[in-house]
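Note sheet for the following structure.
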Amino acid sequence: MDELNLLSLVFLVAMAFIAGLVDAAVGGGGLIQTPALFSALPHHMPATLFGTNKLSSIFGTASAAFRYARTVRIHWPVALPAAIAALVASFIGARLVAWLPVQYVKPLVLVMLVLIALYTMKKKDLGNVHAPKHSKTMERWLAVATGIVIGFYDGFFGPGTGSFLTFAFVRFFGFDFLRAAATTKVVNCATNLAALAYFIPSGNVLFAVGIPMAIANIAGAQVGTHVAMKGGTQLVRKLFLVLCWVLIAKFAWDMVRQFQFEQVIP
């Protein structure tokens with residue numbers, strides 16, 4: 001904390017506000033907040049910065065979920081089983097990071113994001129209407145399976161979790177994009193909570209940084225939910241596609257840089 005000056009803190013708070021706004025509308029706040037933490041606090045361990053990011057994010061995500069729940073009818077028979085399954089799977093995924101090679105996940109995630117973006121662009125009516133597809137029993141089992149798969153991914157790796165959840169709720173459950181975004185916030189709360197259950201006891205959270213960022217993240221989340229609900233399903237769909245292509249560009253750039261680094265240092 002010694003190297004954190006007032007200017008750096010103001011920068012992080014501003015980034016947390018923007019991250020909360022973007023994340024509440026369509027997900028992807030971590031793409032803004034995490035690099036900001038690495039830039040402002042380069043001397044801290046990555047685990048500590050990830051933990052601080054999760055502390056800030058969970059407050060913004062929870063406030064967005066609460067705001068959505070007051071206006072959008074969240075389908076709780078899907079949201080709750082998915083959230084519980086994701087909480088457990090995310091914690092397991094976080095514990096396995098040390099034993100499994102994360103770098104091999106990136107190419108697979110990149111391919112999946114490209115397929116999701118192309119599929120959404122092709123299906124012009126995808127997510128326009130809220131029309132659940134399955135019986136209540138089938139929905140619960142499918143929600144548990146979704147929570148396990150994407151929750152594990154979030155704990156193990158993370159980037160793009162919101163996009164995968166939103167797409168899953170639209171494509172496999174028949175939700176419209178606005179209800180899918182709202183349900184995603186509920187599940188994201190669970191995965192963030194699972195991550196904090198690991199980061200806080202291990203001392204990997206900077207509370208003096210995370211708390212001001214959390215306040216800003218809440219403020220941004222309130223603005224983001226307002227924008228999403230006012231713009232409706234069509235706006236959320238467009239923002240979802242933008243986020244997908246931003247994630248695709250980021251993963252592709254990271255892989256190019258990694259390849260260049262490996263060529264320089266065999």
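The values are calculated or read from the model by the stated rules, or taken from the named source; none is laboratory data. This structure is a prediction, so every number in the text was calculated from the model and none was measured. As a convention, Cβ positions derive from the backbone with ideal geometry for all residues, glycine included, and neighbour counts pool all protein chains shown. The protein model used for the area step is the full one, side chains on, heavy atoms only, and it has no ligands, DNA or RNA in it. Shrake-Rupley method; radii C 1.70, N 1.55, O 1.52, S 1.80 Å.
Being at pLDDT below 90 and surrounded by 14 or more Cβ atoms within 10 Å (Cβ to Cβ) is the filter here; which residues of the range 115-146 pass it?
If the condition is that a residue be at pLDDT below 90 and surrounded by 14 or more Cβ atoms within 10 Å (Cβ to Cβ), then I116, A117, T120, L126, G127, N128, H130, P132, H134 are the ones that fit.
Return the pair list, or none, for Cβ contacts closer than 8 Å from residues in the range 167-190 that are surrounded by 24 or more Cβ atoms within 10 Å (Cβ to Cβ) to residues that are of a type in the set (D, E, K, R) and in a loop (DSSP other than H, G, I, E, B), at least 6 apart or on different chains.
Listed pairs, sorted by first residue: V170/D176; R179/R73.
Report whether or not V227 is among the aliphatic types (A, V, I, L, M) and open to solvent by 30 Å² or more (accessible area, probe 1.4 Å).
yes
Please work out which one of (1) under 20 Å from G30 (Cα atoms); (2) polar (S, T, N, Q); (3) open to solvent by 10 Å² or more (accessible area, probe 1.4 Å); (4) at pLDDT below 90 is the condition S163 fails and give its number.
Among (1) under 20 Å from G30 (Cα atoms); (2) polar (S, T, N, Q); (3) open to solvent by 10 Å² or more (accessible area, probe 1.4 Å); (4) at pLDDT below 90, the lone unmet condition for S163 is (3).
Just to be sure, is V205 in contact (Cβ under 8 Å) with a residue 40 or more places away in the chain and in a loop (DSSP other than H, G, I, E, B)?
Criteria met by V205.
Would you confirm, using the coordinates I've provided, whether L239 is within 20 Å of A36 (Cβ to Cβ) and in a helix (DSSP H, G or I)?
So L239 fails the test.
Can you tell me which residue within the range 33-49, out of those that are surrounded by 21 or more Cβ atoms within 10 Å (Cβ to Cβ) and not small (G, A, S), is modelled with the lowest pLDDT?
Per the stated criteria, the residue is T34.
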